[in-house]
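Derivation of every value follows stated rules applied to the coordinates shown; laboratory data play no part. Every value quoted in this text rests on a predicted model; they were computed, and no experiment measured them. Note that each Cβ is placed from the backbone with ideal geometry, even for glycine, and that neighbours are counted across all protein chains shown.
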Amino acid sequence: MHRTEGNIAEIEFLYREHGPALLLFAQAVTGERGRAQDAVHQVFLRLLEKGSLSQVGDKKAYLFACVRNAALNDSKLRDRHAPLEPDSAWFRPPDRDYAGEQNLRRALEALPNDQRQVMVLHIWGELTFLQISDLLDLSSNTVASRYRYALAKLRDSMFARENSCANS
Amino acid sequence: MPTLDDEQFEAYLQQFRPCVPEPLPAVERRHRARRVFIVGAWATAAVAILVLGALTLHLHTNRVRVAETSGNAGTPKHLQDSQPLTMRSANALMAKAPSFKTMVDDMAFRSQTVPLPKGKRSAVAVLGKEKIKL
């Protein structure tokens, strides 16, 4: 499989298209922006070396799987229980709602790791439960139930915090 | 804050877009290298054009200067023809020269540079021998 300008252009396009969601997912796994960035770069640089994704059916799901593997392999070399970075932004807030971004980030950090990954993959990765189940090697029902728990916890956490700020 | 249902809450969450990752190192290096190459090529072409233009101008100027100065070093322009000085040409010089002294100087200078044909004498030589009462 040799590298051509067309293949490189395709990989660059995929990076622009899915890079932000992949970075967010890697942050959800590793807890650190720097390590997440490294994991994403590692995956794409390897793709650029290999030259083509023509044999891959579901490219988006494939990329998330690659990033997850890269992030987990990196975590094995480091402390698996490293706390999530509290101050590094994960999102570009709408209408400069930085408080809302921080609220969302902290609510995600508070979720269990497996629920957080499902949440990020479905909401921002826009993967279906079927794609997530293939990626995480789980059943669709397990994925759906983790997602429902995560959604409810996130909503309670975010709006409880907002209400307590409003009342204080 | 009103409680949002699942669909509304999902829509609210999706308003927060994930941060954009940094550019890929290999791609950024390639784009930078391509930009440097293009700028370098243009700069080289511009310098080459300037050098060629300067060289052409220099050669042209030299050629003109050589043509102008060959055989006429130090000779006033109105005396550059090789005709011997005669009474007629002396009268013409007298009419054109700004002063008598200039006219005499020019005739003297000319007579030094232009050899007279055989059997001819210069007007200055003739006048020099005449005794003129003033």
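Sparse packing (at most 12 other Cβ atoms within 10 Å of the Cβ) combined with a DSSP loop state is found for the following GluC sites (Glu not before Pro) in region A:83-138: A:Glu126.
On a 0 to 90 degree scale, rounded to 10, what angle separates helix A:140-167 from the longest Cα axis of chain A? Value to nearest ten degrees: 40. Considering only trypsin sites (Lys or Arg not before Pro) in DSSP loops that have at most 14 other Cβ atoms within 10 Å, the longest stretch of chain A without any of them is A:81-168.
3J(HN,Hα) couplings calculated from phi for region A:18-24 with the Karplus curve 6.51 cos²θ - 1.76 cosθ + 1.60 (θ = phi - 60°) are, in sequence order, 10, x, x, 5, 5, 5, 4 Hz; Gly and Pro show x.
Computed from backbone phi with θ = phi - 60° and the Karplus coefficients 6.51, -1.76 and 1.60, the 3J(HN,Hα) list for region A:108-125 is 5, 4, 6, 6, x, 3, 5, 5, 4, 5, 4, 4, 5, 5, 7, 6, 9, x Hz; x is used for glycine and proline.
A simple spin-label model places the labels of B:Arg65 and B:Thr102 2.8 nm from each other, with each point 7 Å out along Cα-to-Cβ. Cα gyration tensor of chain A, axes a ≥ b ≥ c as square roots of the eigenvalues: rounded (a/c below 1.5), prolate (a/b > b/c) or oblate? Prolate shape, in that a/c is at least 1.5 and a/b is the bigger ratio. Which residue fluctuates most in the GNM of chain A (Cα springs below 10 Å): A:Leu108, A:Leu72, A:Leu121? Maximum among the listed residues: A:Leu72. Shielding of peptide B:8-14 by partners, expressed as the average count of other chain Cβ atoms within 10 Å per residue Cβ, is 5. For A:Arg92, the residues 5 or more places off, or on other chains, whose built amide H falls under 5 Å of its own are B:Arg17, B:Cys19.
Using the Karplus relation 6.51 cos²θ - 1.76 cosθ + 1.60 with θ = phi - 60°, the per-residue 3J(HN,Hα) values for region A:29-46 come to 7, 8, x, 10, 5, x, 5, 5, 4, 4, 4, 5, 4, 4, 4, 6, 5, 5 Hz, with x marking Gly and Pro. Using the Cβ-Cβ distance between A:Leu45 and A:Thr128 with R0 = 30 Å, the FRET efficiency computed as 1/(1 + (r/R0)^6) comes to roughly 0.60.
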